[in-house]
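> Sharing a structure here in structure tokens format.
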Amino acid sequence: MTRLAFIGGGNMARSLIGGLLKTGVAPATISVAEPLAEARHALGREFGVACYAENRLAAAEAEVILLAVKPQIMPAIHTELRDTLQRNRPLLISIAAGVRLDQLERWFGNGLPIVRCMPNTPALIGAGATGLCANNRVSPSQKAQAQHILDAAGITRWINDEALMDTVTALSGSGPAYFFALVEALEAAAVAQGLPRDTARALAAQTCLGAGRMLVEGGEDPAVLRQRVTSPNGTTQAALESFSADGLPRIAARAVAAATRRGVELAAQLDQLS
């Protein structure tokens, strides 16, 4: 069985570990590096995995190493891990937003098979969406390994052009916040019309959940589903016409473009740190 090490034991690592154990992965094959003692002990108690304070100890025997740390931490941890990675040549998986493959190769050494991933926060409840891309040293079996790990927290899609990972970040990585903002706006609008806030929130949230499930489980085009809800000259048409008049498609396009640009800028800032 593949030995897997997580560098960082935060929420995303916890969700992936929990998902993997549900698929039958043995706790004895997983190790975690987590600097905070309280979090380290909690991981060990909850999952039965080996936990270490030092990154090099967690990574020592691993065949797959998953970097689950914030992008700003990445340049700092390579000095501790580089020798181990160059000696053992594991598959390296990064879930740090905006960190490019060439940056990972520069920090951790050339010749490593590396997969870059962009998961999102619904992975915490097993409903995540993750984009993945790989350098040319990743074998088909290693791609399958990486996909299996990320599939434990939701759906995965491979991206052939790494430049599009910034768009993935803008779409699904940041996307949950867009829907939270929409629910906030719908809730506030309903409250302004007189609905109690708790009722407005419950109805808005459940409506988003139900609509999302219809999209995922039915597999139909969102335009078809939208048309099915919209009766001629009805209430839905009135609302959609208002959205259109206010430029909803343009608003969404500008928002995704802005988030994409910011992802490029953050990667450039990491170059300056390293």
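> Give me the three principal axis extents of region 77-172 from the C-alpha atoms, as integers in angstrom, largest value leading.
Principal-axis extents of region 77-172 (Cα, largest first): 36, 24, 23 Å.
> To the nearest 10 degrees, how steep is helix 37-47 against the longest Cα principal axis of the chain, on a 0 to 90 scale?
The answer is roughly 80 degrees.
> More than 15 Å apart: what percent of Cα pairs in region 173-265 qualify?
Numbers: 3101 of 4278 pairs.
Here the long-distance tail beyond 15 Å is 72 percent of all Cα pairs in region 173-265.
> Please give me the summed charge of the neighbours of Met214: other residues whose Cβ is under 11 Å from its Cβ, Lys and Arg +1, Asp and Glu -1. Kindly include the intermediate steps, with their values, before the conclusion.
Values: positive: Arg213, Arg226, Arg228; negative: Glu217, Glu220.
Once positives and negatives cancel, what remains is +1.
> What is the fewest-to-most order of Met214, Met165, Met118, Met12 by other Cβ atoms lying within 10 Å of their Cβ? Show your work: numbers first, answer last.
Working: Met214 15, Met165 25, Met118 28, Met12 22.
Lowest to highest Cβ neighbour count: Met214, Met12, Met165, Met118.
> Something else: From Cα pairs below 8 angstrom and at least 6 apart in sequence, can you work out the relative contact order of the chain, rounded to a whole percent?
Details: 411 pairs, mean separation 40.9, N = 274.
RCO, the chain: 15 percent.
> When you count, for each residue, the other Cβ atoms within 10 Å and take the mean per peptide, how do 250-260, 105-115, 235-245 rank with the highest first? Walk me through the intermediate numbers first.
Working: 250-260: 13.5, 105-115: 18.2, 235-245: 11.1.
Result, highest mean first: 105-115, 250-260, 235-245.
> Still on this structure: Relative contact order for region 55-158: what is it in percent, counting Cα pairs under 8 Å that are at least 6 residues apart?
Values: 173 pairs, mean separation 22.8, N = 104.
Once normalised by length, the contact order is 22 percent.
> Additional query: By DSSP, what percent of the beta bridges with both residues in the chain are antiparallel, rounded to the nearest 5? Present the calculation step by step, with values, prior to reporting the outcome.
Details: 4 of 27 bridges.
Taking every DSSP beta bridge within the chain, about 15 percent pair in antiparallel fashion.
> Roughly how many nanometres apart are two label points built 7 Å out from the Cα toward the Cβ at Asn160 and Glu54?
It works out to 4.5 nm between the two label points.
> Determine how many Å³ per residue the convex hull of the Cα atoms of the chain encloses. Could the numbers behind the result be given before it?
Values: hull volume 42.2 nm³, N = 274.
Residue-normalised Cα hull volume stands at 154 Å³.
> Another question, if that's okay. Measure nothing fancy, just the Cα-based angle from helix 140-151's long axis to the longest principal axis of the chain, in degrees from 0 to 90, nearest 10.
50
> Here is a follow-up. Starting from the 7 Å offset along Cα-to-Cβ, what nm value, one decimal, do you get for the label separation of Cys208 and Arg137?
Taking the two extended label points, one gets 4.1 nm.
> Under the 0.36 nm per residue contour assumption, what length would be gained going from the current alpha-carbon distance of Ala223 and Ala28 to full extension?
Values: separation 195, 0.36 × 195 = 70.20 nm, distance 4.73 nm.
Going from the current span to full extension adds 65.5 nm.
> Can you give me the C-alpha center-to-center distance between region 1-36 and region 221-262, rounded to a whole angstrom?
Measuring centre to centre over Cα atoms gives 40 Å.
> Something else about it: If you fit an axis through the alpha-carbon atoms of helix 175-192 and take the longest principal axis of the Cα set of the chain, what angle between them do you get, 0 to 90°, nearest 10?
Relative to the chain, helix 175-192 is tipped by roughly 30 degrees.
Laboratory data are not the source of any read-out in this text; all were calculated from the coordinates shown. What you see is a predicted model, and the numbers here were worked out from it, not measured in a lab. Please note: Cβ atoms are built from the backbone with ideal geometry, for glycine as well, and neighbour counts cover all protein chains shown.
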